[in-house]
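The values are calculated or read from the model by the stated rules, or taken from the named source; none is laboratory data. Quick caveat, the model's predicted, so the values are computed rather than measured. So basically every Cβ, Gly included, is an ideal-geometry build from the backbone, and we count neighbours across all protein chains shown. Quick note on the areas: whole protein, heavy atoms, side chains included, nothing else; ligands and nucleic acids left out. Shrake-Rupley method; radii C 1.70, N 1.55, O 1.52, S 1.80 Å.
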Amino acid sequence: EEIGVSPQLISCDAQRFRENCSLGRHREAMSLYRGDFLAGLFVVDASPDLERWIDEERAELRRLACKTATSLAVAERSAGNLDQALAWARRAAALSPYDEPVFRHLVQVHEALGDRAGALEAYDGFARRLASELEIEPSPETQHFIRELRTRGSAPSASQLVTSDGAPTVSSR
């Protein structure tokens with residue numbers, strides 16, 4: 001009824017992903033994250049406990065991948081590598097499609113690149129997704145942030161997008 005596996009004989013990408021994240025090796029971690037945990041797996045007569053565990057692992061690994069991609073976006077932006085920052089911000093947004101702080105950060109990176117149209121396009125897609133899939137609107141904070149962007153055409157203030165330590169706010173949903 002039990003199976004034991006020697007860690008010296010087998011490797012697990014999910015475990016290596018977690019280890020790299022915890023050690024701050026974000027690029028290595030993200031090279032291991034290729035999609036949802038056990039995507040497409042179907043176990044005939046699986047117990048509800050197994051299904052629940054798989055769902056929880058999947059959600060936790062996805063949340064960690066979003067956080068890691070966001071950290072890479074922040075680091076690249078700080079280093080002045082805005083194209084790389086945008087790529088990581090897009091990856092984070094794809095991993096957490098309903099997370100407003102993640103999308104506000106994506107908009108901020110577009111703005112830093114001088115791509116106001118891209119910033120507004122990213123927001124519009126986000127707002128449409130919230131409306132069609134969740135039947136909600138973006139928060140008043142996000143709506144105000146975008147209204148300012150549309151009317152002034154200038155970059156929003158960093159305080160609207162980041163925490164006091166300069167990192168984007170990322171929810172843990």
The lone condition L149 fails out of (1) open to solvent by less than 20 Å² (accessible area, probe 1.4 Å); (2) in a helix (DSSP H, G or I); (3) within 29 Å of A59 (Cβ to Cβ) is (3)
When segment 30-59 is checked residue by residue, the ones that are assigned to a helix (DSSP H, G or I) and among the aromatic types (F, W, Y) are W53
Within segment 5-18, identify whether any single residue is out of contact with any Lys or Arg (no Cβ under 8 Å at 6 or more places or on another chain) and under 17 Å from W88 (Cβ atoms), and answer yes or no. yes
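Restricting segment 79-89 to residues that are open to solvent by 60 Å² or more (accessible area, probe 1.4 Å) and in a helix (DSSP H, G or I), which is nearest to R16 (Cα to Cα)? Lay out the reasoning, then the answer.
Filtering segment 79-89 for residues open to solvent by 60 Å² or more (accessible area, probe 1.4 Å) gives 79, 81, 83-84.
Okay, now just the ones that are also in a helix (DSSP H, G or I), so 83-84.
Numbers: D83: 27, Q84: 24 Å.
The selected residue is Q84.
Out of the residues in segment 4-40 that are among the hydrophobic types (A, V, I, L, M, F, W, C) and touching a helix residue (DSSP H, G or I) at 6+ places or on another chain (Cβ under 7 Å), which is modelled with the lowest pLDDT?
L38
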Checked segment 54-78 for anything farther than 20 Å from E19 by Cβ and either touching a strand residue (DSSP E or B) at 6+ places or on another chain (Cβ under 6 Å) or open to solvent by 70 Å² or more (accessible area, probe 1.4 Å) (or both); matches are D55, R77, S78
Counting only residues in segment 18-30 that are closer than 15 Å to L72 by Cα and open to solvent by less than 70 Å² (accessible area, probe 1.4 Å), the one nearest to the chain's Cα centre (by Cα) is identified as M30
Subset of segment 90-133, residues open to solvent by 10 Å² or more (accessible area, probe 1.4 Å), acidic (D, E) and either in a helix (DSSP H, G or I) or touching a residue at least 40 places away in the same chain (Cβ under 8 Å) (or both), comes to E100, E111, E121, D124, E133
Within segment 1-17, restricting to residues that are of a type in the set (D, E) and in a loop (DSSP other than H, G, I, E, B), the one that is farthest from the chain's Cα centre (by Cα) is E1
